[in-house]
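For reference, the structure is listed below as structure tokens.
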């Protein structure tokens with residue numbers, strides 16, 4: 001039996017392996033072309049967004065902590081992350097390295113002195 005994972009105990013590599021093992025055990029890799037996984041990822045993101053549709057920003061914050069809805073919201077978030085990890089598996093993308101690169105680029109686009117407290121695109125700073 002596999003150990004129970006939490007954010008504090010799981011590594012990204014371990015999560016990617018679990019997702020890959022799940023797909024392989026079901027012989028699903030044949031269906032997991034980048035096109036298909038990216039489309040499934042978008043669909044799951046839409047299902048996550050559906051929980052917050054028409055809610056005000058304040059109401060959306062409350063929905064995220066609502067005990068009755070939190071489980072369903074967590075399930076949709078898990079689906080989004082699972083498909084993102086499977087996309088990384090299929091394409092051979094190192095997620096941590098990609099995040100590091102992107103955060104470095106974003107820090108240059110959005111310097112703290114110009115971006116702090118502002119929600120505009122970097123081209124408008």
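Between 98, 43, 88, the GNM of the chain built on Cα springs shorter than 10 angstrom shows 98 fluctuating the most. Remark: the residue 108-residue 77 segment gains 8.3 nm on full extension, using 0.36 nm per residue and subtracting the alpha carbon distance.
Helix 12-25 and the longest principal axis of the C-alpha atoms of the chain enclose an angle of approximately 40°. Note on segment 88-119 and segment 1-71: Cα centroid distance 21 Å, given to the nearest whole angstrom. Assuming 1.306 mPa s and 10 °C, estimate D for the chain with Stokes-Einstein, Rh taken as the Kirkwood radius over Cα pairs, in µm²/s. Answer from the Stokes-Einstein relation: 92 µm²/s.
Between 80, 19, 112, the Gaussian network model of the chain with springs among Cα atoms under 10 angstrom shows the greatest mean-square fluctuation at 112.
Where a number appears in this text, it was derived from the coordinates with a stated rule and is not lab data. What you are looking at is a predicted structure, and each value in this text was computed from that prediction instead of being measured.
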